[in-house]
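Taking it in order: structure first as structure tokens, then the write-up.
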There are 2 protein chains.
Amino acid sequence: MKIGVVGATGLVGGKLIYLLEKTLLPIEEIRVIASSQSSGKDLLFKNHKIKIQKLSDKVFDNLNLVFFMTNNDVTKKYVDIALEKGAVVIDNSSVYRMKENVPLVVPEINPFTIKKENRLIANPNCSTIQLAMILNALGKINSIKRVDVSTYQAVSGAGKEAIDEYLFQIELYNKSTLIPKILPVKDLKKHYFILNNSIPQIDKFSVNGYSKEELKVIYESQKILGLEFSISCTAVRVPVLNGHSESVTVTFSENVDLSNVYEILNNSVNIVVLDDIENQIYPIAEICQDRSEVFVGRIRKDLYCDKVLHLWIVADNLIKGAAANALQIAEKCYQEKIYGW
Amino acid sequence: MKIGVVGATGLVGGKLIYLLEKTLLPIEEIRVIASSQSSGKDLLFKNHKIKIQKLSDKVFDNLNLVFFMTNNDVTKKYVDIALEKGAVVIDNSSVYRMKENVPLVVPEINPFTIKKENRLIANPNCSTIQLAMILNALGKINSIKRVDVSTYQAVSGAGKEAIDEYLFQIELYNKSTLIPKILPVKDLKKHYFILNNSIPQIDKFSVNGYSKEELKVIYESQKILGLEFSISCTAVRVPVLNGHSESVTVTFSENVDLSNVYEILNNSVNIVVLDDIENQIYPIAEICQDRSEVFVGRIRKDLYCDKVLHLWIVADNLIKGAAANALQIAEKCYQEKIYGW
């Protein structure tokens, strides 16, 4: 297989290159593609130097599969070109996720939505993936009526510049008057310190007082699960380098039994239950680093309603929340021989 | 008035001393009391040095009012002594909060629960106060059926040692292998880095999988509001120095109108609405420092149910969440001449 990775020098692209070193995909060529800033430089893949190629129409010639691990603008400009040149595209941007004929895939949940005709597959939003993984498992107990999510999202979700800004705030703590310029949203007017603040804004605000990030969680999780249920999200950036956490309340249509919940979650692929509060075992960001599983704990019933369950969900937003999920999609397509590779 | 402050060298005690400099209480004597470690040292009050006195039975002689701004152990040992010696006690520990004959007071909400017979008044938990302030206002719109809270609680809530641990983690970031020893709960076995983690444990775990902190929010807010409603809480420590944030979902018994919500909140004493998302105005921890108001924003209706409202509540946990609320209780008692001072 000849595989292209657009955005190879970004945070998610970098994680994907790293994961591709161990993939089951039979890689004949890997073409790493980035903006003009990085082109010409080298990147290591299995200890071999690979020259980074500049984004252009031509760079998509003769590829079976292209991962777009970049922003909406690059996706809008180049995905069609990659498709026209015959590649299958797995896109990590939000451009195509809610389009009707584009499968939005978490391989553990809805791989069956990928058909031969779909040459473009969308990779969901990071905070959506970890939520959907758990909701999909819980939905086997009985039907989900309502979900309320409050997120604790890491700085890495906002990219390299945001990480630099955060690390600078740590390094120069008490020593300098830094002016924040990146977080919460780089191309908006106001910027706030992420160190020592929980910022209730991720991405721009959209309709009805919700941020785009919140709407992604709301609409994408319903599309992935193929279900309609009431759902709210409050998306918050916290001073955590990497690893998203979520406080989730799930209301079922019927009373829920805790032993069922543990059984279902314990038997779900790529879900790890860390829930032994007597020994202070629960998921935190540091344990999910570079892991492609979703971690869940603090599982408990509501004190007032037997249909309501509360849980705490943590995952590496760059791995299962982005790069690993995208790669799993490709591997699933390969195993199922959907596209003839 | 002769006023004692127990725990004067602690974080909350220190804030109270600072606030007492500007109180309307007619202070004749201020007696600052601390554990043996600090006794004998000086403390500044209105630019005068005051000698810190050691905790003992005798130290409570001839006081009208004693603030206990310390832990449960000190409260258990000394509150009765202060009461026996004739002082009124305002206690910030959790020991007496849920006792039937002890008023649990947020002065903006239920000052009328303080009677002459109650010589002991409990100051509520920090995360409870800011929540109760907003729920009390919202309850005027129509009755509250259910509340779901996810907290983003600052390190300062765990005391000076926790702050030191956090600041060390910042200072030595990348330079040393620090071993966390204080957070999340000092006298439990496991400790985790707070920097770069959102830790879903505040205080020890209690029944049914809930932490004591979560149960405080659940039960104290119902006592303060004098109402029974379904409520859940997930209490999480985040790498924020000072200032608690809360993501709150409120379900009313009837459909709720946003303009009513803004009107009620805007007209509530000591509540500041910061909610102009187009201009990225919403509460964050840094704006609430040393403020005794509660800040609220990100106010929006649920996308699926007209009875459900979501909001983001921020307050200084040491000020309105502790010291200022305690002082406001005392000032209210003075203004209402409840105890003859």
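The values are calculated or read from the model by the stated rules, or taken from the named source; none is laboratory data. As the structure is a computational prediction, the values presented were derived from the model and not from experiment. Glycine also receives a Cβ, built like all others from the backbone with ideal geometry; neighbour counts cover every protein chain displayed. All accessible areas refer to the heavy atoms of the entire protein, side chains included, with ligands and DNA or RNA removed. Shrake-Rupley method; radii C 1.70, N 1.55, O 1.52, S 1.80 Å.
Every residue in region B:237-264 that is open to solvent by less than 10 Å² (accessible area, probe 1.4 Å) and under 20 Å from the mean Cα position of the chain (by Cα), please.
Those that are open to solvent by less than 10 Å² (accessible area, probe 1.4 Å) and under 20 Å from the mean Cα position of the chain (by Cα): B:Val238, B:Pro239, B:Val240, B:Gly243, B:His244, B:Ser245, B:Glu246, B:Ser247, B:Val248.
Would you check if there is a residue in region B:29-36 being in a loop (DSSP other than H, G, I, E, B) and β-branched (Val, Ile, Thr)? Before you say what the answer is, go through the steps one by one.
Residues of region B:29-36 in a loop (DSSP other than H, G, I, E, B): B:35-36.
Among the residues that remain, those that are also β-branched (Val, Ile, Thr) are: none.
Looking for residues that are in a loop (DSSP other than H, G, I, E, B) and β-branched (Val, Ile, Thr), one finds none in region B:29-36, hence no.
Got at least one residue in region A:181-196 being more than 10 Å from every other protein chain (Cβ to nearest Cβ), open to solvent by 50 Å² or more (accessible area, probe 1.4 Å), more than 25 Å from A:Val102 (Cβ to Cβ) and in contact (Cβ under 8 Å) with a residue 12 or more places away in the chain? Steps first, please.
Initially, region A:181-196 is screened for residues more than 10 Å from every other protein chain (Cβ to nearest Cβ), giving A:181-183, A:186-187.
With the extra rule that they be open to solvent by 50 Å² or more (accessible area, probe 1.4 Å), the set shrinks to A:181, A:186-187.
Of the ones still in play, those that are also more than 25 Å from A:Val102 (Cβ to Cβ) are A:181, A:186-187.
Next cut, in contact (Cβ under 8 Å) with a residue 12 or more places away in the chain only: A:181, A:186.
The answer is yes, given that some residue of region A:181-196 is more than 10 Å from every other protein chain (Cβ to nearest Cβ), open to solvent by 50 Å² or more (accessible area, probe 1.4 Å), more than 25 Å from A:Val102 (Cβ to Cβ) and in contact (Cβ under 8 Å) with a residue 12 or more places away in the chain.
Determine which member of the set A:Asp302, A:Asp306 is open to solvent by 40 Å² or more (accessible area, probe 1.4 Å) and out of contact with any helix residue (DSSP H, G or I) (no Cβ under 7 Å at 6 or more places or on another chain).
A:Asp306
Among B:Arg146, B:Arg97, which is the only one that is modelled with pLDDT of 95 or more, within 14 Å of another protein chain (Cβ to nearest Cβ) and more than 22 Å from A:Ile277 (Cβ to Cβ)?
Details: B:Arg97 fails: within 14 Å of another protein chain (Cβ to nearest Cβ).
Answer to the selection: B:Arg146.
Does B:Gln222 fit the bill of being without any contact (Cβ under 8 Å) to a residue 12 or more places away in the chain and closer than 27 Å to A:Val185 by Cα?
Working: without any contact (Cβ under 8 Å) to a residue 12 or more places away in the chain: yes; closer than 27 Å to A:Val185 by Cα: no.
No, not satisfied.
When you check A:Val314 against the structure, is it under 30 Å from A:Gly159 (Cβ atoms), surrounded by 18 or more Cβ atoms within 10 Å (Cβ to Cβ) and within 13 Å of chain B (Cβ to nearest Cβ), yes or no?
yes
Among what's in region A:284-299 and is in a helix (DSSP H, G or I) and open to solvent by less than 40 Å² (accessible area, probe 1.4 Å), pick the residue that is nearest to the other protein chains (Cβ to nearest Cβ).
Going residue by residue through region A:284-299, those that are in a helix (DSSP H, G or I) are A:285-288.
Checking the rest, the ones that are also open to solvent by less than 40 Å² (accessible area, probe 1.4 Å) come to A:285, A:288.
Working: A:Ala285: 5, A:Cys288: 10 Å.
Selected residue: A:Ala285.
Scanning for something within 12 Å of chain A (Cβ to nearest Cβ), open to solvent by 40 Å² or more (accessible area, probe 1.4 Å) and over 23 Å from A:Ser247 (Cα atoms), does region B:154-169 turn up at least one residue?
Filtering region B:154-169 for residues within 12 Å of chain A (Cβ to nearest Cβ) gives B:154-156, B:163, B:166-169.
With open to solvent by 40 Å² or more (accessible area, probe 1.4 Å) added as a condition, the list becomes B:167-168.
Of the ones still in play, those that are also over 23 Å from A:Ser247 (Cα atoms) are B:167-168.
The answer is yes, given that some residue of region B:154-169 is within 12 Å of chain A (Cβ to nearest Cβ), open to solvent by 40 Å² or more (accessible area, probe 1.4 Å) and over 23 Å from A:Ser247 (Cα atoms).
Tell me, yes or no, whether region A:226-236 has at least one residue that is facing chain B (nearest Cβ under 7 Å), in contact (Cβ under 8 Å) with a residue 12 or more places away in the chain and open to solvent by 50 Å² or more (accessible area, probe 1.4 Å).
No.
Go through region A:26-36 and give me each residue that's loosely packed, with under 15 Cβ neighbours inside 10 Å and touching a residue at least 24 places away in the same chain (Cβ under 8 Å). Outline the logic, then answer.
Step one: filter region A:26-36 for residues loosely packed, with under 15 Cβ neighbours inside 10 Å, giving A:26, A:28-29, A:36.
Hits for region A:26-36 are A:Pro26, A:Glu28, A:Glu29.
Counting just the residues of region B:300-323 that are assigned to a loop (DSSP other than H, G, I, E, B) and among the charged types (D, E, K, R), which one comes out nearest to A:Arg146 (Cα to Cα)? Lay out the reasoning, then the answer.
Pass one, region B:300-323, residues assigned to a loop (DSSP other than H, G, I, E, B): B:302-307, B:316-318.
Still in the running and among the charged types (D, E, K, R): B:302, B:306-307, B:316.
Working: B:Asp302: 11, B:Asp306: 14, B:Lys307: 13, B:Asp316: 32 Å.
The residue in question is B:Asp302.
Just checking, which of B:Phe229, B:Phe205 is farther than 28 Å from A:Ile199 by Cβ, touching a Ser or Thr at 6+ places or on another chain (Cβ under 7 Å) and modelled with pLDDT of 95 or more? Steps first, please.
Working: B:Phe229 fails: touching a Ser or Thr at 6+ places or on another chain (Cβ under 7 Å).
That would be B:Phe205, the only listed residue that is farther than 28 Å from A:Ile199 by Cβ, touching a Ser or Thr at 6+ places or on another chain (Cβ under 7 Å) and modelled with pLDDT of 95 or more.
So, in region A:1-25, of the ones that are in contact (Cβ under 8 Å) with a residue 24 or more places away in the chain and among the charged types (D, E, K, R), which residue ends up nearest to A:Ala162 (Cα to Cα)?
Filtering region A:1-25 for residues that are in contact (Cβ under 8 Å) with a residue 24 or more places away in the chain and among the charged types (D, E, K, R), the one nearest to A:Ala162 (Cα to Cα) comes out as A:Lys15.
Just one of (1) touching a Lys or Arg at 6+ places or on another chain (Cβ under 9 Å); (2) under 26 Å from A:Asn92 (Cβ atoms) trips up A:Gly226, so point out which.
Of the numbered conditions (1) touching a Lys or Arg at 6+ places or on another chain (Cβ under 9 Å); (2) under 26 Å from A:Asn92 (Cβ atoms), the odd one out for A:Gly226 is (1).
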